[in-house]
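Asks: Here it is, the structure in full.
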Amino acid sequence: MSDYLIAPSILSADFAKLGEEVDNVLASGADIVHFDVMDNHYVPNLTIGPLVCEALRKHGVTADIDVHMMVKPVDRITPDFAKAGATYITFHPEGSEHIDRSLQLIRDHGCKSGLVFNPATPLSHLDYVLDKVDMILIMSVNPGFGGQSFIPAAMDKLRACRKMIDDAGLEIRLEIDGGVKAENIAEIAAAGADTFVAGSGIFGKGKDSDPNRYDTILGQMREKLAKV
C-alpha cells in the first residue's frame with residue numbers, strides 16, 4: 001500500500017464541540033478518525049467509550065473510525081464498538097488472554113482487526129496471526145497520555161514490521177501513533193508507515209475561531225509525504 005492516510009486523534013480535540021471538530025478536520029483533508037479508548041486499568045487514564053463513537057456516527061461522520069483500545073480485557077467491549085460504528089478495532093497483545101480469538105471476534109463483528117505494539121512490546125506476537133490482522137499500530141510513545149515526544153527506536157520497529165508485511169505479501173496498514181508532526185512525518189513514512197495518527201500535532205494548531213485552521217497543518221503534512 002503506497003497511499004498515505006492521516007488519522008487525527010480526537011483525544012486532543014475540544015470535546016465540548018466534538019462533532020464540529022471532527023467535521024472540520026475531515027473537511028481539511030484528514031482521512032480517518034482515530035479514537036483512543038483508555039480504561040484507567042491497562043493505562044493510567046480514562047477517556048471515551050462506544051456511546052461517543054455512536055454519537056459521531058449519528059452526527060453524520062462517514063469516515064473510517066479507527067478505535068484504539070487501551071483496555072484490558074478487550075473481548076467484552078469489542079461488540080459494543082462494532083455496533084457503535086467502528087471500522088477498525090485495534091488492541092494491545094497484553095490486553096487479551098487469547099490474541100487469535102480476539103482478532104477473530106473483531107472480524108466476526110464486521111470490523112477490521114489490528115494489533116498495537118508498545119515501545120517495548122516485541123513484534124513476535126504477529127508470528128502466527130499475521131493473516132488475521134488488517135492493521136498494525138506501532139506506538140512511538142508509551143500509551144496513556146497525549147502530547148508526548150516521539151521515541152526514536154520506533155523507527156527500527158517500523159522498518160522491521162514493514163519488511164514482515166512485505167515478505168508476507170499481505171495488505172496490512174502500518175500505523176504510527178505518538179509525537180507525529182509535519183517536521184518528522186516524511187522520515188516516519190520512509191521507515192515504512194502508511195497511516196499517521198496525530199493529536200496535538202493537528203488539533204493543537206491554529207485559532208479555535210477559525211473553521212479552516214487545520215488546512216495549513218494537514219497541507220504541510222501532505223506536502224512532506226508527497227516527497228517521500
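Every number in this text was worked out from the coordinates using simple rules, so none of it is lab data. It should be emphasised that the depicted structure is a prediction, and the values quoted were computed from it without experimental measurement. So basically every Cβ, Gly included, is an ideal-geometry build from the backbone, and we count neighbours across all protein chains shown.
Asks: To the nearest 20 Debye, how big is the dipole of segment 4-71 about its Cα centre, given +1 on the beta carbon of each Lys and Arg and -1 on that of each Asp and Glu?
Replies: Around 120 debye, computed over segment 4-71.
Asks: Also, quick follow-up: What dipole magnitude, in Debye to the nearest 20, does segment 5-226 give about its Cα centre under +1 on Lys/Arg Cβ and -1 on Asp/Glu Cβ?
Replies: Values: 21 positive and 32 negative charges, 25 e Å.
Using Cβ point charges on Lys, Arg, Asp and Glu, segment 5-226 gives about 120 debye.
Asks: Just in segment 53-157: which trypsin sites (Lys or Arg not before Pro) are loop by DSSP and have at most 12 other Cβ atoms within 10 Å?
Replies: Here the sparse-neighbourhood loop sites are Arg76.
Asks: Another question about this same structure. Taking every pair of alpha-carbon atoms in segment 65-131, what share in percent sits in each 5 Å bin, from 0 to the bin with the longest distance?
Replies: 4, 19, 32, 26, 13, 5, 1
Asks: Along the three principal axes, how long is segment 5-226 when you take its alpha carbons, biggest first, rounded to the nearest angstrom?
Replies: The principal-axis extents, from largest down, are 48, 36, 31 Å.
Asks: A further question follows. Using the count of nearby Cβ atoms within 10 Å as a rough guide to exposure, how do Ile138, Ile165 rank from fewest to most?
Replies: Exposure proxy ranking, most exposed first: Ile165, Ile138.
Asks: Using modelled amide H (1.01 Å from N, peptide plane; none on Pro or chain starts), what sits under 5 Å from the amide H of Lys112, excluding residues fewer than 5 places away?
Replies: The answer is Tyr88, Ile89.
Asks: Toward the positive end of the charge dipole of segment 5-226, about the Cα centre and with charges on Cβ (Lys, Arg +1; Asp, Glu -1), which of Ile48, Pro122, Ser102 goes farthest?
Replies: About the Cα centre, the residue reaching furthest to the positive side is Ile48.
Asks: What Kirkwood radius, in Å to one decimal, follows from the Cα pairs of segment 61-178?
Replies: 14.4
Asks: Counting only helical runs of four or more DSSP H residues, what would the 222 nm mean residue ellipticity of the chain come to if each run contributes -39,500 (n - 2.57) and the total is spread over all its residues?
Replies: It comes out at -9500 deg cm²/dmol, rounded to the nearest 500.
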